[in-house]
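Remarks on the structure that follows.
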Amino acid sequence: MGLGPDSAKVKNLEDKSKSKKKKDEGSRKMEEEEIGCWAKFRLMGGCMPSRSKVDSSLSGITTQYVESKSTDEKSKDQPVVPVMSSTTSNGESASSTPKFSEELKLASHLRKFTFNDLKLATRNFRPESLLGEGGFGCVFKGWVEENGTAPVKPGTGLTVAVKTLNHDGLQGHKEWLAEVNFLGNLLHPNLVKLIGYCIEDDQRLLVYEFMPRGSLENHLFRKGSLPLPWSIRMKIALGAAKGLAFLHEEAERSVIYRDFKTSNILLDAEYNAKLSDFGLAKDGPESGKTHVSTRVMGTYGYAAPEYVMTGHLSSKSDVYSFGVVLLEMLTGRRSMDKNRPNGEHNLVEWARPHFGDRRRFYRLLDPRLEGHFSIKGAQKAIQLAAQCLSRDPKARPRMSEVVETLKPLPNLKDMASSSYYFQTMQADRNKSNMQNKNGTRTPAGFVTRNGQTLRSLSSLSDSRASPYNQPYQSPKPTVKKS
């Protein structure tokens, strides 16, 4: 059947429409390829998975906890939901036109980058440059001039980490300002250095020094990575403690960090710890006052109980969070882990009964250490964690006292693997493991299958991997001849 003139017109119009549509799609595809994944992130409303969107504080007025529901299990952190707010909400501050001259307290050493500079420095924000994601947005690896802002060839100049503000994220303009105002004016070896920033239309970016070994969280919990040695764990704990002590007691005005956790502790090439992400930081109480009343924000499992209940924030809230992180480093367990048996989901509550038992303190320690830890050091570290985790904030030590306690621990040499008591306990543990061949959990916390002890290791296949080249074997118990 032939087509009449009208039908032909319709067909011609359809052909033109299809041609135009293909041309538009091709043009859009070329445009997306030109500007890399940045366009895709903007089109998708951000580069964060659903888990990351709840890995920081949430806005709203409620008294319940929110659980992270994501298929990505790399982080078990659960955010503390805000209780009440006497300040402007994040959404409010992000939607209003900011008065930069009033809000920004820029330090003279900060560099001001253009958006195009950072787009080129990160190779168009391509996925291969992605270092991580969080409530603020995405972090990309980039390269800029040593003393300037111009982008340079990858592998040359100064390596930086570029953090982008995700427009649909749960942290907004207010947190961006907090990062600039705190890190731009606070300089300390155990705080990540802020190099510069970018404000261009609705773009908000921050440029930091690059931390080659990534986060403490990855080294402790990422599947496949080798266990951090005892001395390195204590070195990291000491560095993080020095960072908090500086904020609380040495800064011109006391600063409460408010979000101390393993994912916010970054490591340089020598495993020196540096605190990052100051989006939730608050100025400490004024002279004569004991606390700051504020909306409850932070991460469930790390936040001090009195802060969650009352909204009263003090430096002792950070001390509690430090105790949780120290306990994670000692045990190799997450602060909250619902994959563990009943009674072991909450690390602090599981560990409390063991704090006072000096003979059974071995049960608390990460089995992946296999006895390669200092006996005196472990006892002191567990005692320190218990003090930091006291239910009474007044009983918790100051961070300067924590620093003094930790200073000698990285260098103690009384390894548990050489003690008769530990070898006897290890022999009993191995015997118990042989009797549980079907994937059952032994009282000591090991998981066994077919008589073999399984060690859950966390791994990075890049330069951030832990320093062990090979996992060492458990020492054989010494048999005394009669």
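The values are calculated or read from the model by the stated rules, or taken from the named source; none is laboratory data. Here the structure is a predicted model, which means the values were calculated and not measured. Glycine gets a Cβ as well: all are built from the backbone with ideal geometry, and neighbour counts include every protein chain shown. Surface accessibility is based on the protein's heavy atoms, side chains included, excluding ligands, DNA and RNA. Shrake-Rupley method; radii C 1.70, N 1.55, O 1.52, S 1.80 Å.
Numbers below:
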| quantity | calculated |
| --- | --- |
| Where a residue in the range 111-133 is free of Cβ contacts under 8 Å to residues at least 60 places away in the same chain and its partner, wherever it lies, is assigned to a helix (DSSP H, G or I) and among the β-branched types (Val, Ile, Thr), with Cβ under 8 Å and at least six apart | none |
| Tally of residues being part of a helix (DSSP H, G or I), open to solvent by less than 50 Å² (accessible area, probe 1.4 Å) and among the charged types (D, E, K, R) across the range 353-366 | 0 |
| Subset of the range 173-218 (residues that are more than 29 Å from Arg334 (Cβ to Cβ) and among the polar types (S, T, N, Q)) | Asn181, Asn185, Gln203 |
| Within the range 189-280, strands (runs of 3 or more DSSP E) holding 1 or more residues that are among the polar types (S, T, N, Q) | 203-209 |
| Total residues in the range 281-331, condition under 30 Å from Leu205 (Cβ atoms) and part of a strand (DSSP E or B) | 7 |
| Among the candidates Gly243, Gly323, residue that is touching a His at 6+ places or on another chain (Cβ under 7 Å) and on the phi < 0 side of the Ramachandran plot | Gly243 |
| Single unsatisfied condition, Ala303 versus (1) more than 16 Å from Pro397 (Cα to Cα); (2) open to solvent by less than 10 Å² (accessible area, probe 1.4 Å); (3) touching a residue at least 60 places away in the same chain (Cβ under 8 Å) | (2) |
| Matching residues in the range 136-187 - criterion: being of a type in the set (D, E, K, R), surrounded by fewer than 23 Cβ atoms within 10 Å (Cβ to Cβ) and part of a helix (DSSP H, G or I) | Lys174 |
| Which numbered condition Ser276 misses (of (1) buried (at least 21 other Cβ atoms within 10 Å of the Cβ); (2) at pLDDT 95 or above) | (2) |
| Residue within the range 388-399 that is among the acidic types (Asp, Glu), under 25 Å from Phe260 (Cα atoms) and open to solvent by 10 Å² or more (accessible area, probe 1.4 Å) present | yes |
